[in-house]
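Below is one structure, written out as structure tokens; the observations come after it.
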Amino acid sequence: MMDYSLLFFVMAAIAAFLVGASKGGLPMVGVLGVPLLALVMPPVAAAALLLPVYIVSDVVGLWAYRHEYSGRNLAILVPAMILGVGVGWATAKITPEWMVTLLVGVVGLYYCATVVFRKANAPPHRADVPRGLFWGTLTGFTSFVSHTGGPPFQTYVLPQKLPKMVFAGTSTIAFAIINVVKLVPYWALGQFNPSNLEVAALLSPVAVVGAVVGYKGTRLLPEKLFFRLVEVALFLISLKLIYDALFK
């Protein structure tokens, strides 16, 4: 049983708001939730506490983006992401968390490097099955371990140059499905208890507010600025993840 301090609740409230904002369509902020909470509690416990918060805010995101998504991407990515969750579950006790953190950071930097060297007028990538299966499985795996599925997901989807609301909706719906799937292995691994479920219930309204703010912010941001912010945030977060993996 953890001793929840005032500092814990401040950090948890900020993390919940960011989780909600990501479900509203600002994917660049959601990945910050677990690292923030990890400042005041063990990372695995932080991931478990935030999972119910993700799911509550997913409801807002699903309603907001019920008409704006890429069906082909979801058809390719969701089965692969579920497979990735299964791999994460099967290897949960033998996979070092620092290794997963490093992998996610490297993937993010890989995508940022392709952005720098890609021609400005390069044609959009297709939502092809081989790449989708690879990146989708990696997304599910990293999402299961530490809720950091954003970088591999973005590495696959961003080069397709989808409209910003379709991109945001596809991300929201895909991760909403995966978050529900993750409930089973998290429960089986004993990551839930009455204490953290109670805290998650307290944080859920904050996440709902964040989801509404995130949705309105996504609609207001110009499309070029939106994707530039995603790419800059991905670069900074990737550097932070690599630092955490190698030096913490």
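The values are calculated or read from the model by the stated rules, or taken from the named source; none is laboratory data. Computed from a predicted model, the values in this text were never measured in an experiment. Virtual Cβ from ideal backbone geometry, glycine too; neighbours counted across all protein chains shown. We work out accessible area using only protein heavy atoms, side chains counted, and drop any ligands, DNA or RNA first. Shrake-Rupley method; radii C 1.70, N 1.55, O 1.52, S 1.80 Å.
Of everything in segment 99-133, what is touching a residue at least 60 places away in the same chain (Cβ under 8 Å) and within 19 Å of the chain's Cα centre (by Cα)? Give them in sequence order.
In the first step, residues of segment 99-133 are kept if they are touching a residue at least 60 places away in the same chain (Cβ under 8 Å); the result is 99, 101-102, 104-109, 111-112, 115.
Those that are touching a residue at least 60 places away in the same chain (Cβ under 8 Å) and within 19 Å of the chain's Cα centre (by Cα): Met99, Thr101, Leu102, Val104, Gly105, Val106, Val107, Gly108, Leu109, Tyr111, Cys112.
Go through (1) touching a Pro at 6+ places or on another chain (Cβ under 6 Å); (2) open to solvent by less than 50 Å² (accessible area, probe 1.4 Å) for Lys161 and report which single condition fails.
Among (1) touching a Pro at 6+ places or on another chain (Cβ under 6 Å); (2) open to solvent by less than 50 Å² (accessible area, probe 1.4 Å), Lys161 violates only (2).
On the basis of being open to solvent by 90 Å² or more (accessible area, probe 1.4 Å) and out of contact with any Ser or Thr (no Cβ under 8 Å at 6 or more places or on another chain), does Leu203 make the cut?
Details: open to solvent by 90 Å² or more (accessible area, probe 1.4 Å): no; out of contact with any Ser or Thr (no Cβ under 8 Å at 6 or more places or on another chain): yes.
In short, no.
What's the number of the only condition in (1) small (Gly, Ala, Ser); (2) out of contact with any Pro (no Cβ under 9 Å at 6 or more places or on another chain); (3) in contact (Cβ under 8 Å) with a residue 60 or more places away in the chain that Ala200 fails to meet?
With respect to (1) small (Gly, Ala, Ser); (2) out of contact with any Pro (no Cβ under 9 Å at 6 or more places or on another chain); (3) in contact (Cβ under 8 Å) with a residue 60 or more places away in the chain, Ala200 is out only on (2).
Under 8 Å between Cβ atoms, which residue pairs at least 6 apart in sequence (or on different chains) link something in segment 224-248 that is at positive phi and buried (at least 17 other Cβ atoms within 10 Å of the Cβ) with a partner that is among the β-branched types (Val, Ile, Thr) and modelled with pLDDT of 85 or more?
none
Quick check on my filter: what residues within segment 23-75 are among the small types (Gly, Ala, Ser), closer than 25 Å to Pro185 by Cβ and part of a helix (DSSP H, G or I)?
Hits for segment 23-75 are Gly30, Gly33, Ala45, Ala46, Ala47, Ala48, Ser57, Gly61, Ala75.
Does Gln154 satisfy being closer than 24 Å to Ala16 by Cβ and open to solvent by 20 Å² or more (accessible area, probe 1.4 Å)? Outline the logic, then answer.
Working: closer than 24 Å to Ala16 by Cβ: yes; open to solvent by 20 Å² or more (accessible area, probe 1.4 Å): no.
Judged against the criteria, Gln154 is not a match.
For segment 134-245, which fully contained helices (runs of 4 or more DSSP H) count at least 1 residues that are over 17 Å from the mean Cα position of the chain (by Cα)?
164-188, 194-220
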